[in-house]
Amino acid sequence: MTTGAPTPTFPARPRRSRLRTYLPLGIAAWLVLEIWLLTVVAGAAGGWAVFLLLVAGFVLGSVVIKRAGRRAFRALSEALQQQQSGVLPQGERVSEGNGLMMLGGLLLMLPGLLSDAFGLVLLIPPVQKSLSRYAERTFERKMREATPGTLGDAFQQARMHRPDGKVVPGEVIHDDQAGGPEGEPGPRPPLTG
């Protein structure tokens, strides 16, 4: 029996992005490749050599992460001291590449030879500079292309600076509270200001 009301049509399910589709497959292939490479190296050089490689990668990765963290903390404390003393920060960026150094250290700490190779490549300064420039350009392009109402729009709004910072004082009055007879709301309190 129809009532004349249109049946609700649900929008088509949005397509999954390529990244969401192929990322699990890529991770599985990477893990299989890492295990295969470790077994090949263990067959050629011995199990102890592979174990020592993995331990050396873990130790080197932890040293790199610790060093990058110290550099980032030192740059942050210098910037805070300059800001408190009223000196404008310099145009040079001392802390550039700390995030990529930490990522390289993390890749060194992961067990596997491919991750160690990628981690070592990330420790090379020209690679860090080119990757950081590429990431910055990509981020800025994505921010310009962001449509209203998306996560990119939220980032754009968060980056806006509102100099007036006006706050309107007021009270919240709930109408659902029964204050009078027969459920009628009672008298409202006066606004103070």
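The values are calculated or read from the model by the stated rules, or taken from the named source; none is laboratory data. Being a predicted model, the structure only gives us computed values, none of them experimental. Quick note on the areas: whole protein, heavy atoms, side chains included, nothing else; ligands and nucleic acids left out. Shrake-Rupley method; radii C 1.70, N 1.55, O 1.52, S 1.80 Å.
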Each residue of the range 37-46 in turn: what ³J(HN,Hα) in whole Hz from Karplus with 6.51, -1.76, 1.60 and θ = phi - 60°, glycine and Pro shown as x? 5, 5, 5, 5, 5, 5, x, 7, 10, x
Which whole-Hz ³J(HN,Hα) couplings does the range 111-121 yield from phi under the Karplus relation 6.51 cos²θ - 1.76 cosθ + 1.60, θ = phi - 60°, glycine and proline marked x? x, x, 8, 5, 5, 5, 5, 5, x, 5, 5
Excluding ligands, DNA and RNA, what is the solvent-accessible area per residue of the range 38-131 at a probe of 1.4 Å, expressed in Å²? 66
What list of ³J(HN,Hα) couplings, whole Hz, do you get for the range 131-140 from phi and the Karplus terms 6.51, -1.76, 1.60, once you set θ to phi - 60° and write x for glycine and proline? 5, 5, 5, 5, 5, 5, 5, 5, 5, 5
Keeping the other protein chains in place, figure out the carbon and sulfur percent of the accessible area of the range 28-89, with a 1.4 Å probe. 73
